[in-house]
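Novice: Can you read through this structure? Questions will come right after.
The values are calculated or read from the model by the stated rules, or taken from the named source; none is laboratory data. What you are looking at is a predicted structure, and each value in this text was computed from that prediction instead of being measured. So basically every Cβ, Gly included, is an ideal-geometry build from the backbone, and we count neighbours across all protein chains shown. Keep in mind that these areas ignore ligands, DNA and RNA; they rest on the heavy atoms of the full protein, side chains included. Shrake-Rupley method; radii C 1.70, N 1.55, O 1.52, S 1.80 Å.
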Amino acid sequence: MSQSECKLRGKFITFEGIDGAGKSSHLAAAAALVRDQGRRVLTTREPGGTALGEKLRDLLLREAMHRETEALLMFAARREHLEQVIEPALERGDWVLCDRFSDATFAYQSGGRGLDREKFAQLEQWVHGHVQPDLTLLFDLPWTVAGLRIAAQARARDRFEQERADFHERVRLAYLERAAIAPQRFAVIDADQARDVIQKWVEQTILVRCL
Ligand code: TMP
């Protein structure tokens, strides 16, 4: 690929954190910011983002299954998502803002469920060795706070949200470990702060690291 073609490729930004960390609402605000800078933006999510991926999401969030089945379905949905949505958008020069990506599998299925992370390193290489996020925003929050936020919402909890506190704390630690080994890609925020403070940080981080 020539240098000019490289420059045209869009940026890939992922939003991560335990359930209830507030990343999804900040993703919407970040998309507006990037659009204001004159870029085309595609917002999407995992598991999901394609017709097949959304069906898999429905199963993953509701049906009991073996933990390895769960992990493999996450990567199967991701393969489809990359092929159908993420890669074509980046190649067109669009920016892709994605609510969760492979870091979530390392955090939930390895940290939370206890599966071997080396297997995920291989799957990651297989499924998207050539595509990695340019920036990953990690919204860090203790489960004692996040769990209360979820409990305050008037809706049924999904399979992950129903997990015990120690599961969520392991997920949190696994995210922080991922961030520590890739500081050039990650930016971590204490998500137990006022919404406008976090939003400003999101904006500044994207402006400085990607624009
Ligand atoms: P969401 O609530 O952020 O939309 O994500 C749905 C749930 O799926 C969330 O509890 C985290 C979980 N998840 C995994 O366990 N592994 C993954 O790889 C992804 C993408 C999500």
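Novice: Using only the heavy atoms of the protein chains and a 1.4 Å probe, how would Thr205, Thr144 rank by accessible area, largest first?
Specialist: Thr144, Thr205
Novice: Can you give me the long-range amide H partners of Leu115? Hydrogens built in the peptide plane at 1.01 Å from N, cutoff under 5 Å, separation of 5 or more residues or another chain.
Specialist: Residues meeting the amide H criterion: Ser110.
Novice: Per the helix-only calculation at 222 nm, which mean residue ellipticity applies to the chain, given -39500 (n - 2.57) for every DSSP H run of n ≥ 4 and division by its residues, nearest 500 deg cm²/dmol?
Specialist: -16000 deg cm²/dmol
Novice: For Leu42, list long-range residues whose amide hydrogen, built 1.01 Å from N in the peptide plane, is under 5 Å from its own amide hydrogen.
Specialist: HN-HN under 5 Å from Leu42: Trp95, Val96, Leu97.
Novice: Here's something else I'd like to know. Over the range 72-200, how many percent of alpha carbon pairs lie in each 10 Å bin up to the one with the longest distance?
Specialist: 11, 37, 37, 15, 0
Novice: Using protein chains only and a probe of 1.4 angstrom, how many square angstrom of Met65 are accessible, to the nearest 10?
Specialist: 50 Å²
Novice: Considering only DSSP beta bridges where both residues belong to the chain, give the percentage that are antiparallel (nearest 5).
Specialist: 0 percent
Novice: Apply the Karplus curve 6.51 cos²θ - 1.76 cosθ + 1.60, θ = phi - 60°, to the phi angles in the range 11-22 and return the couplings in whole Hz, x for Gly and Pro.
Specialist: Per residue, the Karplus-derived 3J(HN,Hα) values read 9, 10, 10, 10, 10, 9, x, 5, 4, x, 7, x Hz.
Novice: Another one. So what's the projected area for the range 130-180, the Cα convex hull averaged over all directions, in nm²?
Specialist: That works out to 4.9 nm².
Novice: Using a 10 angstrom cutoff on alpha carbons, build the Gaussian network for the chain and name the most mobile of Ala194, Ala180, Ala104.
Specialist: Top of the fluctuation ranking is Ala194.
Novice: Is there a quick way to get the dipole size of the chain? I mean about its Cα centre, with the Cβ of Lys and Arg at +1 and of Asp and Glu at -1; what is the value in debye to the nearest 20?
Specialist: In total the dipole reaches around 300 debye.
Novice: Which sequence of Val145, Val197 reflects their accessible areas, 1.4 Å probe, from the largest down?
Specialist: Largest accessible area first, the list is Val197, Val145.
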